[in-house]
Structure formats: C-alpha cells, structure tokens
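**Student:** Below you'll find the structure I mean.
Please treat every number below as a calculation from the coordinates, not as lab data. Treat the numbers as computed from the prediction; the structure is a model and nothing was measured. Neighbour counts run over all protein chains shown; Cβ positions are idealised from the backbone, glycine included.
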Amino acid sequence: MSCAQTFSDYALRSIGFGERLLPRSDFDLCQQFVLIGSGLIWNVYFGILALFIGFFIANAVALAKASANPWLRKPANGFIFLFRGSPLFIQFFLAYEALVLLPRAGIEIFGMTVATSWLTKAWAGALIVLILNTAAYSAQIFHGALQSVPKGDLEAADAYGMTGWKRFRRIVWPTMLRLAWPAYTNEAIFLFHATTLVFFSSFPAFQQRGDSLYYASYFADKTFNPFVAYPIVAGYFILLTLLLISVFGIVNRRLNRHLPGAVTGRMKYRPQLIR
Amino acid sequence: MFASCSDPSALEGFAWLMCYLTSGTHLLFYASFGTVLLLLAITAPIALLFGFGGAMASRSRIAPLRWLGKTYTAMVRGVPDIIFFLFVPIALDQGLEWLRHQALCDSSQPVWQGNDFVVCAAAKLPLSTSPEWVHQTYGFATAVVAFAVVFGAFAANVLYGAMQAVPRAQLETAEAYGMSPRQVTRRVLIPQMWSYAIPGLSNLWMILIKATPLLFLLGVEDIVYWARELGGTKTNAFTYPHPDWRLYYFLAILVFYLLMTWGSEKIIGRLTGRLSRGQATLAGEAMRKTGGA
C-alpha cells in the first residue's frame, strides 16, 4: 500500500473518516506517522478549546480571588485549591464516574428533557475537566500577576481620572496579562501535554478514535517495539510545543510593545515549572 | 478480619460497612497508599541525584559531557511526561532482556521476529518461574526508573538555574581566598544554591505528588487500580454486593491527594523560611530587619 493511499485512508481516522479498521499487521513507518498525526487532531482540539474557554474563567476567578468580598474570595480559593491540589488523572476518573451516574434518559427540567449521555463522551466530559483544570492553574498565575501590577501605574491612572471599569480595562488588565504571559505560556504547554491523558483515564475511545498517544501505544503494544511509535509522537509534540511558543511569543511582543527595548527581545522557552 | 464478619449477608448497616471496609482486598487497597508513599520516598532522592548530575554536567568544561547534560535537560521540555512513563519501562525491560539474551542464549537468533520481541526463557526478566512478588517488584522498579529519569531532567533544569543564580561575587570571593574550582563548588556554590533552588524544587515535589497516579498506566497495582477494582458493581455472587461505588473511592483518593499537597505546602513554607535566613535576598533581608527567626 502506497503512502499516499495510507494518508487518504487514515489522515482523518481519529475523527471517524476514512478506513474503519486500524492496520493489524505489517505496520510500516508511513502508517505510524499518519495515524499518530491523525490523533494529534484531538490533542489540538482539547488544547485550544480548553485554553480559550479556560482563559475567560481564569480571569474571572483571579479577580474573585483578589476581591475583598469573602463571598467571592473564598469560593475562588476553594476552586483553585481543589484543581491545583489534586492530580488531573484523578480528576478525569472522578468526573467520568460522576457523569456516568447521571440518568441515561436525561434530566427533566421544567418539563423539558435535557440529554446527558453526551457528557460521558470524551469530547465533552474530558474537555470540561481540562477547562476547569487550566482555569484554576491560570487563575493562580493571573492572580499573582494582578498582585504585582506596579503601584505607579495605578497612581498614573488615578491622576488621569480613570476609575472603575475604565481603569481596569485600560491599565490593570493589560499590565496583568503582560506580567503573567511568560508563566501562562508555560501553562499552555503543560495543558497541551496533559491532553495525552484523556484516553488513558476512563473516557472511552469510541470506535478507536483516539489521540496521538492512544495510537502510539496501540502500535507499541502490537509491535512490541516502543522505539518507533513513541519517538514519533514525541517528535509531533516537540513541533506542537515550538508552534505554541511562537504563537505566544507574538502575543507577548504585542503585550510588551509599549515598553522601551522590548521589541527586540525574543521570547525563549524557559520551563519554569509553574504547575 | 473480625469474627463477626464471617457471614456478611446477615449483617446490616454500620456493622456491614465495618466488615466491608476491613475485608482482605480493602487492606490491599490501604496498603497501596503505602506504595504511592514508597514511590515518592524512593523517587525523590534518586531524581534529585539525577538532576544534580545533569546540572553539573551542563556546567562542565568538557564539551561532550556538557552536551550530554544539556540534551538531558532539554529532553523533557517539549515532550509530555506521560510518553516517557510509557516508553522508559518498556525500553528498559527490552534493553535488559536483550543484554541477557546476548549473554545467556543462542545469540544468533534475532530478538525481533516479525512483530514479536522474543528472547529465550533464560533471558526473561523476571524469570517466568519467579514468584509473584518478584514480578511486582520488578514492575515497580522500572516505574521508579521512569519517574527518576523524567523528574531528574526537571530537577536538572531547576538546579542548573539555581547554580547560575548564585551571585558571581560570592564565587569570586572564594577564588580570592585561594580555593580551587572544586573547593569553590563544594564549599560555596552548592551550599548557596539551595535557597535559589527551593522554590523550583518544591514546585517539582508538588508535580511529583500529582504524577503518582500514573503508576496505574505502568501496570502497578496502585490506588487507582484498587479503586476501580473495588468500586465496580458487585453482583450477589460476591460476598459484599453493592452498586457502582467507584465515585466514592475516587473521592477518597482525591481527598488523600489534597491532604498531601496541602501538608507539603505547609512544610515547604517553613523550609523556605529556614533557608532564607542570612541570605542576601528580599526574604532574607526582611528577616534580618525584623530580627526574628
């Protein structure tokens, strides 16, 4: 079978298009590259959506944590403690077991039946866990940045007569984001790496539609040879990480563009292990 | 365990629950919490040692050694740790079996035959005749190596940064006193490095705690394994029939981990305070001014 044929059969296999059966014998390099690459679609799906939705929740939680009102602060602290203090792997298991217990037929609310079975699927259930998880970690980062917004910036805003929402929107929030960005980049990389856990926790890979590591371990199990499939998935992730760093680097340059001498400074990936 | 538990079907309520929670399999479940703690206790020092080696190699004046150190520390940056956890145990196992195959068997036979990895019976690790606990210990040991390799690379990153952060002036002062490079490293660099390394290392400790449930993926009978095993629906064929209780088991595990991280945070807070004493850092200065601690 030619590589082009393999590509058209398996390139979208992870989302249910193309050949139904996975290769069972005579595995060649092309098959492994294509299928593992196909699985990467799921990693990107989980990573991007969780990051995007989690970003907004994280902002809200960070503000709540910084609030003087204990009714806002305490729940925010609890949320962050719960999700940062426990392993993501356990959160996946727990969420799955909890979602499975929901009635199959759906829940009656005001006479309407709300379907619940989709929540036990990986695309929804695991995504929710990832969103909440990254929201908690990012909220901690944003809160730290919020605390270190320079006093002078706030005084300057006061001097210009800015208050309330306007001050937050134009001074506090951009500065917070600028200060948090390197650590947030780190968190984004960790999140993308964490997406490989989804199909190793309880969430089933429906019709063997899994992520890249799912297929890599499939190949490694079938061939008893870990020296091909795992380096391939590792290579894909290095590329993904580099791409992520460059995208976040662009945003970082934009956030810092008003600062003297910041334009030339390229952002390098220094893992600070924030998690 | 208790004499009253001999006929569980006759029991009700609290008595039933007490008997249920002290059954033989539950005792294994409780022991598996010990497995997690054991993994932490063994892995942390080994990973620190790996990290120390990696950091020292990255600073070495001998180029190949430096490249080795840099490659090792760079290894974990772009690649998810789970890939290493899946890869290292199998690779290690096959590597050892291959070596034993070369030594003990007719090595004209290829190891890879089609899609199978075949070594002769004498080269199997552990030997198929060995008792169950040897298999378990072997599985656990390969898991420890996998954790140590990954967290060693993380630790190497942290320690390398900490060594770079020690003020240059302190090292120069030591040189001015006539210390050799080796003495400077041993007497000044390493003792001074810790206060810079503690934030990174404590973070790493938290990550290590939260990585321990991945033992389940390596086939070790850990808390996740037992939670799934015990929590699943038990029909009347079992001594203690019950519906699907996995949720409660995982909740218990969640609480265990929350307590672990919460306790660790408290201890690390104290340790940071101790190590900041007398340091030329913000925390150290604050401590000097208040005259406390």
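**Student:** Report the Cα centroid-to-centroid distance between the range A:206-237 and the range A:12-83 in angstrom, as an integer.
**Tutor:** 19 Å
**Student:** Label points 7 Å out from Cα along the Cβ direction at B:LEU21 and A:HIS258: separation in nm?
**Tutor:** If labels sit at B:LEU21 and A:HIS258, their model points lie 5.8 nm apart.
**Student:** Taking the number of other C-beta atoms within 10 Å as the exposure measure, put B:LEU258, B:LEU39 in order starting with the fewest.
**Tutor:** B:LEU258, B:LEU39
**Student:** A further question on this structure: Of all chymotrypsin sites (Phe, Trp or Tyr not before Pro) in the range A:131-216, which ones are in loop regions per DSSP and have a Cβ with at most 14 other Cβ atoms within 10 Å?
**Tutor:** A:TYR160
**Student:** Over all directions, how big on average is the projection of the convex hull of the alpha-carbon atoms in the range B:177-267, in square nanometres?
**Tutor:** Directional mean of the projected Cα hull area for the range B:177-267 stands at 9.3 nm².
**Student:** What percent does the relative contact order of the range A:76-150 come to when contacts are Cα pairs within less than 8 Å and at least six residues apart?
**Tutor:** 35 percent
**Student:** Still on this model: Return the FRET efficiency for the residue pair B:SER4, B:CYS120: r is the Cβ-Cβ distance, R0 is 51 Å, and the value is rounded to the nearest 0.05.
**Tutor:** Approximately 0.45, to the nearest 0.05.
**Student:** As a check on your grasp of the helix formula, calculate [θ] at 222 nm for chain A: sum -39500 (n - 2.57) over DSSP H runs of n ≥ 4, divide by the residue count, round to the nearest 500.
**Tutor:** Rounded to the nearest 500, it is -22000 deg cm²/dmol.
**Student:** Run the simple label-point estimate for A:LEU72 and B:THR235 please: 7 Å along Cα→C-beta, distance reported in nm.
**Tutor:** 5.5 nm
**Student:** For the range B:83-134, what class follows from the C-alpha gyration tensor (a ≥ b ≥ c being the square roots of its eigenvalues): rounded when a/c is under 1.5, otherwise prolate if a/b is larger than b/c, else oblate?
**Tutor:** Note, shape of the range B:83-134 comes out oblate.
**Student:** So if we plug the beta-carbon distance of B:ARG100 and B:LEU38 into 1/(1 + (r/R0)^6) with R0 = 25 Å, what FRET efficiency do we get, rounded to 0.05?
**Tutor:** 0.40
**Student:** Considering all projection directions equally, how large on average is the shadow of the alpha-carbon convex hull of chain B, in square nanometres?
**Tutor:** For the Cα atoms of chain B, the hull's average projected area reads 24.0 nm².
**Student:** Something else about it: Given contacts defined as C-alpha pairs under 8 Å and at least six residues apart, what's the relative contact order of chain A, whole-number percent?
**Tutor:** Relative contact order for chain A comes out at 25 percent.
**Student:** Now a separate question. Could you tell me which residue out of B:ALA227, A:PHE203, A:VAL233 lies farthest along the dipole of the protein assembly as shown toward its positive end? Charges go on the beta carbon: Lys and Arg +1, Asp and Glu -1, centred on the Cα centre.
**Tutor:** The residue sitting most towards the positive pole is A:VAL233.
**Student:** How would A:THR241, A:THR196 line up from fewest to most surrounding beta-carbon atoms within 10 angstrom?
**Tutor:** Listing A:THR241, A:THR196 from fewest to most nearby Cβ atoms yields A:THR241, A:THR196.
**Student:** Right, something else. Farthest toward the dipole's positive end in the range A:34-255, which of A:GLY161, A:LEU213, A:HIS143, given Cβ charges of +1 (Lys, Arg) and -1 (Asp, Glu) about the Cα centre?
**Tutor:** The residue sitting farthest along the positive end of the dipole is A:GLY161.
**Student:** With each pseudo-label sitting 7 Å past Cα toward Cβ, what's the A:ILE250-B:VAL255 distance in nm, one decimal?
**Tutor:** 4.9 nm
**Student:** Quick one: order B:MET18, A:MET162, B:MET193 by neighbouring beta-carbon count within 10 Å, fewest to most.
**Tutor:** Placing the least packed residue first, the sequence is B:MET18, A:MET162, B:MET193.
**Student:** Hey, could you get me the Stokes-Einstein D for the protein assembly as shown, Kirkwood radius over alpha-carbon pairs, 20 °C and 1.002 mPa s, rounded to whole µm² s⁻¹?
**Tutor:** Value of D from the Cα-based Kirkwood radius: 80 µm²/s.
**Student:** Could you name the lysines whose alpha carbon sits less than 17 Å from that of B:LYS70, not counting residues in the same chain fewer than 8 places away?
**Tutor:** List returned: A:LYS268.
**Student:** Let me ask something else. Quick one: length gained pulling A:ARG24 to A:THR113 fully straight, 0.36 nm per residue minus the C-alpha distance?
**Tutor:** Extra length from A:ARG24 to A:THR113 when fully extended: 27.8 nm.
**Student:** Could you compute the FRET efficiency for B:ARG59 and B:TYR177, with r as their C-beta to C-beta distance and R0 at 25 Å, rounded to 0.05?
**Tutor:** 0.75
**Student:** Tell me which DSSP H helices of chain B clear both cut-offs, 15 Å or more of axial length from alpha-carbon atoms and a mean Kyte-Doolittle hydropathy of at least -1.0.
**Tutor:** Membrane-span-like by this criterion, though nothing is claimed about a membrane: B:24-58, B:63-75, B:81-104, B:132-165, B:190-211, B:246-276.
**Student:** Per DSSP helix of 4 or more residues, -39500 (n - 2.57); summed, then divided by the residues of chain B. What does that give at 222 nm, rounded to the nearest 500?
**Tutor:** -23000 deg cm²/dmol
**Student:** For A:VAL61, what is the net charge nearby, where nearby means another residue's Cβ is under 15 Å from its Cβ and Lys, Arg count +1, Asp, Glu -1?
**Tutor:** +3
**Student:** Which order do the peptides B:197-203, B:23-29 take when ranked by the mean count of other beta-carbon atoms within 10 Å per residue, highest first?
**Tutor:** The packing order, highest mean first, is B:197-203, B:23-29.
**Student:** Could you list the chymotrypsin sites (Phe, Trp or Tyr not before Pro) in the range B:139-195 that lie in coil according to DSSP, counting only those with at most 16 other Cβ atoms within 10 Å of their Cβ?
**Tutor:** Counting only loop positions with at most 16 other Cβ atoms within 10 Å, the chymotrypsin sites (Phe, Trp or Tyr not before Pro) in the range B:139-195 are B:TYR177.
**Student:** Hey, another quick one. Would you please classify the overall shape of chain A from the alpha carbon gyration tensor, given that a ≥ b ≥ c denote the square roots of the eigenvalues, rounded means a/c under 1.5, and beyond that prolate means a/b larger than b/c while oblate covers the rest?
**Tutor:** oblate
**Student:** Let me have the relative contact order for chain B, percent, based on Cα pairs under 8 Å that are six or more residues apart.
**Tutor:** 21 percent
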